[in-house]
1. R0 = 30 Å: FRET efficiency of Gln125 with Ser227, Cβ-based, nearest 0.05?
2. Which shape class applies to region 214-261: rounded if a/c is under 1.5, otherwise prolate when a/b exceeds b/c and oblate if not, where a ≥ b ≥ c are the square roots of the Cα gyration tensor eigenvalues?
3. Can you find, among Thr271, Val176, Leu100, the residue farthest towards the positive end of the dipole of region 2-276? Put +1 on the C-beta of Lys and Arg, -1 on that of Asp and Glu.
4. Per residue and in cubic angstrom, what volume does the convex hull of the Cα atoms of region 143-205 have?
5. Kindly provide the helix-only [θ] at 222 nm of the chain, computed as the sum of -39,500 (n - 2.57) over DSSP H runs of four or more divided by all residues, to the nearest 500 deg cm²/dmol?
6. Quick test of the membrane-span-like rule: which DSSP H helices of the chain reach at least 18 Å along their long axis (C-alpha atoms) with mean Kyte hydropathy at least -1.0?
7. If you place +1 on the Cβ of every Lys and Arg and -1 on the Cβ of every Asp and Glu, how big does the dipole about the Cα centre of the chain come out, in debye to the nearest 20?
8. Sticking to Cα atoms, compute the Rg of region 1-67 to one decimal and its Dmax as the biggest Cα-Cα distance, whole number, in Å.
Amino acid sequence: MNLQDHVLAVCSWSLQPAGMSDLVRMVRELGLSHLQLALAPLLALDEEQRRLELGHLRASGLSLTAGMIAFPGEDYSSIARIRMTGGFFPDDSWPLRRQLTLQAGKLAQELGLAILTTHVGFIPQSNHADYPKLLGRVAEIAAALAELGVTLAMETGQETASELLQFLNDLPKRNVAVNFDPANMILYGAGDPIDAIHTLDRHIRHVHLKDAVASAKPALDWGRPASIGSGQVDFEEFFLALHDVGYTGPLAIEQESGKRRLDDVRAAIETLRKIAG
């Protein structure tokens, strides 16, 4: 299924599948042929179990837009907690998260994926003492992924678009890009998502479709997730902005709340098709 000039996909974790065969069934029920795949559940399996799960995926004929890796120990209970525990920032978890990311990169290569998305953590101000640390860690990951032919796509949200752009420009590696999520900009209080698209421009390599309502205390308290079309993302302007910067890649629906995920994603598809015209 396409939305304007884009392949429409769904994020596998949004559907909370019991396994790969369950995931395949739900994606087909939605009438989609593309998905972004969470790789951590596969990395947790032994070699035989992983082979069986990947067998279901390969037999399905579904196409993958990108892989995704998240990490144990990340605490999203508040913005303050995820600032301390997210991505590659915490020193005590860096060796394990480095290892998991590189394992995900090898699996991405095996699956023929060119993009691996993740939250690298809150990027400090460029004059902060921790800025070189995170810059070096992302560069180290990128160098290893480059040997696998994989691009690391950093997810938006924790910092403003201008701060993220400076970080990208300061990196010595060019295989680092952006997974753009408009709702994250609102949830974290990191700025206007439409303006952010124009700022990040050619660096956008993968896009999530998600909606949200801002907090009364942006950047201090979480905003509220919303069903697509009922939040503060102006999707008409969003699609125009993507067109303006020449983005023609996939759009992946990410549903992160609710108990009826399949129904919620189905409703999101219908809403998006009406908006896109």
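FYI, it's all coordinate maths here, none of it is from the lab. Everything numeric here is computed off the predicted structure, so don't read it as measured data. Counting neighbours? That spans all protein chains shown, and the Cβs are built from the backbone with ideal geometry, glycine included.
1. With a Förster radius of 30 Å, E is 0.30.
2. On the way: a/c = 2.43, a/b = 1.45, b/c = 1.68.
Here region 214-261 falls in the oblate category.
3. So the residue furthest toward the plus end is Leu100.
4. Convex hull volume per residue, Cα atoms: 73 Å³.
5. -13000 deg cm²/dmol
6. On the way: long enough: 47-60 (20 Å, -1.34); 94-110 (24 Å, -0.69); 131-146 (22 Å, 0.87); 261-276 (22 Å, -0.15).
Length and hydropathy pass: 94-110, 131-146, 261-276.
7. Using Cβ point charges on Lys, Arg, Asp and Glu, the chain gives about 480 debye.
8. Expressed in Å, the Cα Rg and Dmax of region 1-67 come to 11.9, 40.
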